Amino acid sequence: SPRKKKARGLAEVNNKAFPAPPANKLSRARTNSIGRGSMEPDPSKSPTGGSSSLIFLGTGCSGTLPDARCLLKPSTPPCAVCSMGISLPPEGNPNYRLNTSLLVDYCHDDGTHRYILIDIGKTFREQVLRWFVHHKVPYVDSMLY
C-alpha cells in the first residue's frame, strides 16, 4: 500500500502509485532544446528525496483569498479572513490561497521525472513563480484542465 507523508503542502507517495506517462517526443525535444541547467531536479536535494510526490500549488476557491473585492470596499471594513490574508507573508499564511491546482511529480526508477499538471487557474503565474522554482520543476509533460 502507498505510504503517505504530509509536510507543508506536500504529500509523498510510493513510486508504484502512479503509472508512468507515455514518452512524448515533442516535449522531450522541446526540453532538450531549452536545456535544463540548474532547474534539473536533484533527487538528493529534493524535498521528496527522489520519490514521486504531489505538490499542492493552490487549495483556495475560484476567487482566491484574500478577495480583492472584500479588501477594496470603501464603505465596510474587510472581513476577518481577508484581513488576516494580508497580515502575514503568503508562505506562512493559511488565509492566502491560490486557485486549486495540483502537480504530480512522477519519479521513475532511473531518477528521471515526469510532471503532470492538474487544473490551471487565474493564479497559475504566481503558482509557477512560487512553487515551480521552489521544487525546481523545469517543464510540464502533461496538463489536465
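The values are calculated or read from the model by the stated rules, or taken from the named source; none is laboratory data. Note that this is a predicted model, so its numbers are computed, not measured. Note that each Cβ is placed from the backbone with ideal geometry, even for glycine, and that neighbours are counted across all protein chains shown.
Summary table
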read-out: Enumeration of residues in the range 80-106 that are among the hydroxyl-bearing types (S, T, Y), touching a Ser or Thr at 6+ places or on another chain (Cβ under 7 Å) and without any contact (Cβ under 8 Å) to a residue 60 or more places away in the chain; value: T100
read-out: Residue ID - farthest from the chain's Cα centre (by Cα), chosen from residues in the range 107-120 that are free of Cβ contacts under 8 Å to residues at least 60 places away in the same chain, part of a loop (DSSP other than H, G, I, E, B) and on the phi < 0 side of the Ramachandran plot; value: D110
read-out: Verdict on P77 being out of contact with any Ser or Thr (no Cβ under 7 Å at 6 or more places or on another chain) and surrounded by fewer than 16 Cβ atoms within 10 Å (Cβ to Cβ); value: yes
read-out: The range 107-127, residues that are buried (at least 16 other Cβ atoms within 10 Å of the Cβ), of a type in the set (V, I, T) and modelled with pLDDT of 95 or more; value: I116
read-out: Residue in the range 97-106 that is surrounded by 15 or more Cβ atoms within 10 Å (Cβ to Cβ) and assigned to a loop (DSSP other than H, G, I, E, B) present; value: yes
